[in-house]
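The values are calculated or read from the model by the stated rules, or taken from the named source; none is laboratory data. Please read these numbers as outputs of a predicted model, since none were measured by experiment. Cβ placement follows ideal geometry from the backbone for every residue including glycine, while neighbour counts extend to all protein chains displayed.
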Amino acid sequence: MNIVVCIKQVPDEPIIRIDSERMTLIREGTESTINPLDRVALEAGLHLRKHNGGQVTVLSMGPPRGEESLREALAAGADRAILLTDPAFAGSDTLATSHVLARAISRLRPFPDLLLCGMKTIDSDTGHVGPQIAEELGIPQVCGVNKINLEEDSLVVERLSDGFLDTVKVTLPALISVSRECCPVRSLPLGALEIAFSQGDVTRWGCQELGVSEEEVGLKGSATRVRRLLTPAFTRKGEIVSGSPRLLVDRLIGTLEAVGLLDEEDG
Amino acid sequence: MDKGSLLHGVWVFGDYRNYFQNRVTLQLIAKGRGLAETLRTRVTVLLLGEAVHQYAMEYIAHGADVVMVAEHPDLKCYQVESYTNVVARWAEAFKPNILLGGATSFGREFFPRLAKRLRTGLSADCVNLAVDPDTGLLLQTTPAFGGNLLAEVVTSQHRPQMATIHPCVFKELPHNAGAVGRVVYPEIEVKANTRVRVLRSRRQQVQRDNLQDAEIVIVGGRGLGSKNQFKLLFELAELLEGEVGATRPVVLAGWADEERLLGQTGKTVKPKVLISIGTSGALQYTTGIKEAETIIAINRDPQAPIFKMADLGLVGESSAVLPLLLETLRNRI
Amino acid sequence: MIAFRESPISAHHNYFVNGMLAQGFVVGDPSSNDSFFLLADVVPHGEIRPRISARLMDEEAHLLLELKANRIGRNPGKCSIEPFLDGYRVWRSSGNVLIEVRTRVFANGYLTLIEARLFDEHGHLRVEPKDESIWVCGGECRFLAAPLPEGGSTKRE
């Protein structure tokens with residue numbers, strides 16, 4: 001079974017810094033990780049490979065440092081890793097991103113039986129890329145899947161959607177986006193990360209290899225753009241208190257009393 | 001009646017499943033009316049299914065000018081590809097200016113496919129919409145960067161301008177039984193989708209969850225230092241009659257079960273009070289706690305981002321504060 | 001380009017004709033004295049009963065009966081009305097049902113379904129039932145935006 005997992009490298013840093021000109025994240029110098037739900041998707045792919053044989057190829061679109069996440073995927077057990085990287089890809093919205101990924105997937109021989117990805121990312125949180133890849137490739141999709149069973153040339157999957165638990169049969173090839181319950185994530189085998197970083201092979205494809213023009217990708221190939229960024233949705237102007245543990249504890253208890261979670265004490 | 005008045009409208013996808021609890025379509029009709037008035041056009045609701053007459057009448061009652069209907073047995077169950085085929089055909093013919101949908105599970109799976117089919121822009125889970133007075137463009141405000149910021153998104157050239165909107169952001173108009181409107185039935189070709197078949201669909205009871213119901217939640221992060229330190233949180237929770245949550249590094253380290261994970265890949269909680277101890281405030285964690293009424297954070301680093309979202313920030317060593325807190329509380333009770 | 005059909009509807013009460021919802025419709029000319037017509041008039045907010053008036057013939061163009069707002073008027077065919085919980089049936093003396101009117105109640109509105117196979121004064125089939133809807137096969141079906149004035153001519157939509 002030929003499986004392709006699409007992963008995204010996302011910031012793992014609490015501090016976000018924004019390039020206010022391009023309205024995008026400044027990724028240099030920040031910690032990054034595989035988007036958690038994509039890691040679940042990878043695990044689901046590895047699990048299917050274990051029981052049905054085949055190959056797991058991991059794809060990611062991003063700047064050159066995206067290689068780190070692909071090496072992590074190799075360490076987890078992926079057979080092949082391809083980084084889709086090109087300066088022209090910067091600033092892509094989901095329309096352009098899905099185009100790049102779909103083009104890359106259609107270059108693979110043989111064409112995969114199954115595409116897996118996380119149902120959303122922790123930074124963009126749109127959940128659009130999976131369905132848009134499926135649309136471009138003309139294959140069916142099922143999103144938010146928490147259980148996958150393979151049956152001959154189709155999958156029977158389960159997913160929760162608007163309060164309904166659906167059992168869905170989908171013919172292959174198909175795109176499945178997974179929820180966090182889909183597969184437990186095992187830790188990496190000891191030493192696997194080192195091997196992946198020293199010996200792992202990550203192929204790089206850019207506009208040329210994919211046969212896409214600059215107009216089809218990046219900011220130019222996007223239909224939406226961010227006009228401006230607005231103040232944080234949920235900052236609070238709280239008081240910051242330093243001092244002895246006694247002082248801190250008293251302040252904490254004072255607050256709990258103030259909101260009614262503790263009865264006020266006399267004296 | 002002329003086709004002209006059906007062109008360039010504000011369209012709203014009729015997501016009628018769970019109609020009486022799921023009010024998002026009605027909320028979007030209400031908002032759509034305001035947008036349509038500014039743009040001098042009409043609100044059309046799209047209705048696909050079988051025997052959906054009741055909803056056509058409801059949508060007119062709640063402010064739609066037009067309901068565009070596709071009735072066919074193969075449309076009876078929501079289906080992404082079948083619905084994409086029908087709505088894309090309509091969009092090509094009637095060229096809507098704006099197309100809105102609720103950010104329900106179905107909406108969030110259907111709209112991206114439709115937007116790709118139409119090669120247009122789509123913003124997800126918007127928390128506000130407005131028409132820019134200068135350009136006439138739809139300004140779509142969406143959460144960005146894990147919800148820490150808001151982004152104002154525009155689709156300048158492509159049409160329709162598509163967006164899914166978070167439920168309960170807008171208010172529906174009251175039901176008006178005296179309302180009148182039009183129902184339109186375009187000619188459509190519907191082919192049964194043989195690639196995706198729903199074998200079974202069962203309504204799920206909402207699982208009651210102690211953590212999500214708790215009035216007070218105490219969360220421990222990596223800054224606690226050890227599993228033994230983390231265990232103190234359970235005693236604290238007991239004293240305060242609350243529940244214990246954890247961040248991802250803590251779960252990965254084995255100090256707490258996956259059930260306690262809070263954040264993007266874990267649970268979202270909205271307690272009265274949330275005490276976050278030894279957590280730096282990573283994006284994927286804070287997104288699960290940002291709606292708590294009162295947030296108290298304890299961290300040794302005054303620059304920790306968690307303090308930006310705390311109502312009360314306490315700078316100190318959790319290893320000193322926690323035991324003293326427990327002792328103080330034990331003596332009170 | 002795409003072909004489409006449309007009709008005016010109300011939030012309160014509609015009929016189902018030609019596979020479409022419609023707040024009111026008329027086939028034929030109610031202001032005539034001898035011709036076939038079927039009028040499903042607009043039901044104003046506040047009322048819940050459908051308003052059916054008609055002049056009905058049999059297959060041989062003989063006048064069977066006139067209905068005025070659900071009540072039997074001239075009745076040379078000796079038809080009878082049988083009311084039931086959500087509507088009524090008109091029986092021909094031959095033992096067949098001439099027309100059946102049934103109103104579905106939704107949470108906030110009403111839908112009246114009409115089932116009938118009707119002929120005009122020339123013996124032509126004008127209306128027939130299919131899939132819960134009534135279909136107009138001979139002549140025009142005119143949609144109504146408001147109740148017809150008493151005895152007035154059909155308002156052109």
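Summary table
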item: Hits in the range C:1-25 (condition: facing chain B (nearest Cβ under 8 Å) and assigned to a loop (DSSP other than H, G, I, E, B)); result: C:1, C:2, C:3, C:11, C:12, C:19, C:23
item: Residue in the range B:94-111 that is out of contact with any His (no Cβ under 7 Å at 6 or more places or on another chain) and more than 23 Å from residue B:26 (Cα to Cα) present; result: no
item: Hits in the range A:149-180 (condition: more than 7 Å from every other protein chain (Cβ to nearest Cβ) and basic (Lys, Arg)); result: A:159
item: Scope the range B:300-321; condition more than 7 Å from every other protein chain (Cβ to nearest Cβ) and either more than 23 Å from residue B:232 (Cα to Cα) or aliphatic (A, V, I, L, M) (or both); matching residues; result: B:303, B:304, B:306
item: Residue within the range B:191-206 that is under 30 Å from residue C:10 (Cβ atoms), in contact with a helix residue (DSSP H, G or I) (Cβ under 8 Å, 6 or more places away or on another chain) and among the polar types (S, T, N, Q) present; result: no
item: Enumeration of residues in the range B:145-167 that are buried (at least 24 other Cβ atoms within 10 Å of the Cβ) and more than 7 Å from chain A (Cβ to nearest Cβ); result: B:160, B:161, B:162, B:163, B:164, B:165
item: Any pair with Cβ under 6 angstrom, 6 or more apart, that starts in the range B:224-252 at a residue that is of a type in the set (D, E, K, R) and ends at one that is in a loop (DSSP other than H, G, I, E, B); result: B:227/B:255; B:243/B:214
item: Residue check, residue A:112 in contact with a strand residue (DSSP E or B) (Cβ under 6 Å, 6 or more places away or on another chain), in contact (Cβ under 8 Å) with a residue 12 or more places away in the chain and either facing chain B (nearest Cβ under 7 Å) or β-branched (Val, Ile, Thr) (or both); result: no
item: Exclusive hit being at pLDDT below 95, within 16 Å of residue C:36 (Cβ to Cβ) and away from every other protein chain (no Cβ under 14 Å), set C:95, C:138, C:151; result: C:138
item: Enumeration of residues in the range A:32-70 that are touching a helix residue (DSSP H, G or I) at 6+ places or on another chain (Cβ under 8 Å) and buried (at least 24 other Cβ atoms within 10 Å of the Cβ); result: A:34, A:42, A:56, A:58, A:59, A:60, A:61
item: Residue B:116 basic (Lys, Arg) and crowded, with 24+ Cβ neighbours inside 10 Å; result: yes
item: Residue match in the range C:69-82 (condition: among the aliphatic types (A, V, I, L, M), buried (at least 23 other Cβ atoms within 10 Å of the Cβ) and without any contact (Cβ under 8 Å) to a residue 40 or more places away in the chain); result: no
item: Which listed residue, of B:31, B:95, is charged (D, E, K, R), out of contact with any Pro (no Cβ under 7 Å at 6 or more places or on another chain), under 25 Å from residue A:132 (Cα atoms) and more than 10 Å from every other protein chain (Cβ to nearest Cβ); result: B:95
item: Residue list for the range A:129-144, restricted to those being under 16 Å from residue A:118 (Cα atoms), of a type in the set (A, V, I, L, M, F, W, C) and in a helix (DSSP H, G or I); result: A:129, A:133, A:134
item: Residue in the range C:113-129 that is out of contact with any Leu (no Cβ under 9 Å at 6 or more places or on another chain), within 28 Å of residue B:50 (Cα to Cα) and of a type in the set (A, V, I, L, M, F, W, C) present; result: yes
item: Only listed residue being more than 8 Å from every other protein chain (Cβ to nearest Cβ) and within 17 Å of the chain's Cα centre (by Cα), chosen from B:101, B:136; result: B:101
item: Among residues of the range C:26-57, those that are outside any strand (DSSP E or B) and either within 14 Å of the chain's Cα centre (by Cα) or buried (at least 23 other Cβ atoms within 10 Å of the Cβ) (or both), counted; result: 7
item: Qualifying residues in the range B:176-189 (those that are surrounded by 17 or more Cβ atoms within 10 Å (Cβ to Cβ) and in contact with a helix residue (DSSP H, G or I) (Cβ under 9 Å, 6 or more places away or on another chain)) - the one nearest to residue A:172 (Cα to Cα); result: B:188
item: Residues that are touching a residue at least 60 places away in the same chain (Cβ under 8 Å) and either within 7 Å of chain A (Cβ to nearest Cβ) or touching a Pro at 6+ places or on another chain (Cβ under 7 Å) (or both), drawn from the range B:104-130; result: B:104, B:106
item: Scan of the range B:175-218 for residues that are free of Cβ contacts under 8 Å to residues at least 60 places away in the same chain, within 14 Å of chain C (Cβ to nearest Cβ) and hydroxyl-bearing (Ser, Thr, Tyr), ordered by number; result: none
item: Residue selected from the range A:201-233 under the condition facing another protein chain (nearest Cβ under 7 Å) and β-branched (Val, Ile, Thr), by the criterion surrounded by the fewest Cβ atoms within 10 Å (Cβ to Cβ); result: A:226
item: Per-region count, the range A:163-192, residues of a type outside the set (A, V, I, L, M) and more than 11 Å from residue A:144 (Cα to Cα); result: 12
item: The lone exception for residue A:236 - which of (1) without any contact (Cβ under 8 Å) to a residue 24 or more places away in the chain; (2) under 30 Å from residue B:192 (Cβ atoms); (3) surrounded by 15 or more Cβ atoms within 10 Å (Cβ to Cβ); (4) not polar (S, T, N, Q) it fails; result: (2)
item: In the range A:187-219, the residues that are assigned to a loop (DSSP other than H, G, I, E, B) and either of a type in the set (Ser, Thr, Tyr) or touching a residue at least 24 places away in the same chain (Cβ under 8 Å) (or both); result: A:187, A:188, A:189, A:200, A:201, A:206, A:211, A:212, A:213, A:217, A:218, A:219
item: Total residues in the range C:85-142, condition in contact with a Ser or Thr (Cβ under 9 Å, 6 or more places away or on another chain), basic (Lys, Arg) and in contact (Cβ under 8 Å) with a residue 24 or more places away in the chain; result: 2
